[in-house]
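No value in this document is a laboratory result; all are computed from the given coordinates. Remember, it's a predicted structure, so these values are computed and weren't measured experimentally. Note that each Cβ is placed from the backbone with ideal geometry, even for glycine, and that neighbours are counted across all protein chains shown.
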Amino acid sequence: MNDINFIKSLNKTKPFLDHKNAVLSAPIRHLFMIGVIWYLNKTKKNIDLLEIGSWFGASTLSWAQGLLKYKKLNSSITCIDAWEPFFDMETHADQNYASEMEQLLETEFAYNVFLHNIRTIKKEIKTQHYRGKSENILHQLKDEIYDVVFIDADHAYNSVSKDIKSSLRLVKDGGIICGDDLNLQFHEIDKDFANKNKHKDFIKDPRVNKNYHPGVTLAVAEEFGEVSSWGGFWGMQKINNEWIKFSLKKMEVVYPSHFTKMHIEKAKSHFDDIKDSLY
């Protein structure tokens, strides 16, 4: 069965995430996505959300679950993704992984799974997507139209920096800008080593001997300094045109209903490890 026939064979009412590359980020971070909706629940009647980098749509589904749980029934999710090959095969640390990802993009499998998955979102949540590079789309959007902007696209420094800078004006007062894959903050890393390798997707820091995305760490620190961060998910809130930290310490823990058993087990295990350090 080819990819198109496989996707056509899927249950039209159920998301498809039973693929080893379906959920690219650590599953725990989806708990904090829903946590952001929990945090905004008391101050926002409806929530309009922009997602930059959607892949299979796993995070889109998590955002939608949060909106539905907290009855934000006139809310919207807008997705931006090129769904086209972008990996630098010469510099990527894991050639096999990069090759697999490129194939999923070249064959349109990732895009077609995304389309299938967002069709399973309940109609109370309006969804739309723009297919193209964020640098070509973000500047066309109006100021202060989103309550949440989530950035999880290309992790090379130049791309992350552009996405952050182009997104700041899009966030409403009281809204949140957030993102994925902040494995280490700036104060934790070897700064010279990071700057020499900021064009790379993933490296091991010689100071703390941990893997991280130098482009994400550098771009986030350049714009905000130290940020709120939980298990690699980061965020800052806009209050009177200032960007401040916020707390998810007392958030309700909700596991995405579209997760596989493996994803839920990973999220639970990771959350148990860090829950006492949440702020």
_Three principal axis lengths of the stretch 13-69 [C-alpha, angstrom, descending]_ = 37, 25, 20
*With both partners inside the chain, how many of the DSSP beta bridges are antiparallel, as a percent to the nearest 5?*
40 percent
*Quick one: grab Rg to one decimal and Dmax as a whole number for the stretch 94-147, Cα atoms only, in Å.*
15.1, 41
_At a threshold of 8 angstrom on Cα-Cα distance, excluding pairs fewer than six apart, so keeping six or more, what relative contact order does the stretch 3-277 reach in percent?_
22 percent
*Based on the alpha carbon coordinates of the stretch 158-279, what radius of gyration and maximum Cα-Cα distance (Dmax) apply, in Å?*
15.6, 42
*May I ask you to give the average projected area over all directions of the convex hull of the Cα atoms of the stretch 3-277, in nm² rounded to one decimal?*
13.9 nm²
_Cubic angstrom per residue, convex hull over Cα atoms of the stretch 1-129_ = 112 Å³
*Given a cut-off of under 8 Å on Cα pairs at least six residues apart, what relative contact order in percent is computed for the stretch 77-184?*
28 percent
*Computed magnitude of the charge dipole of the stretch 3-277 (debye, nearest 20; Cβ of K, R +1, Cβ of D, E -1)*: 1340 debye
*Which value in Å does the Kirkwood hydrodynamic radius of the stretch 182-248 take, with 1/r averaged over all unlike C-alpha pairs and then inverted?*
12.4 Å
*Give the long-range amide H neighbours of Asp205: residues separated by 5 or more places, or on another chain, with amide H under 5 Å away, using H modelled in the peptide plane at 1.01 Å from N.*
Lys210, Asn211, Tyr212
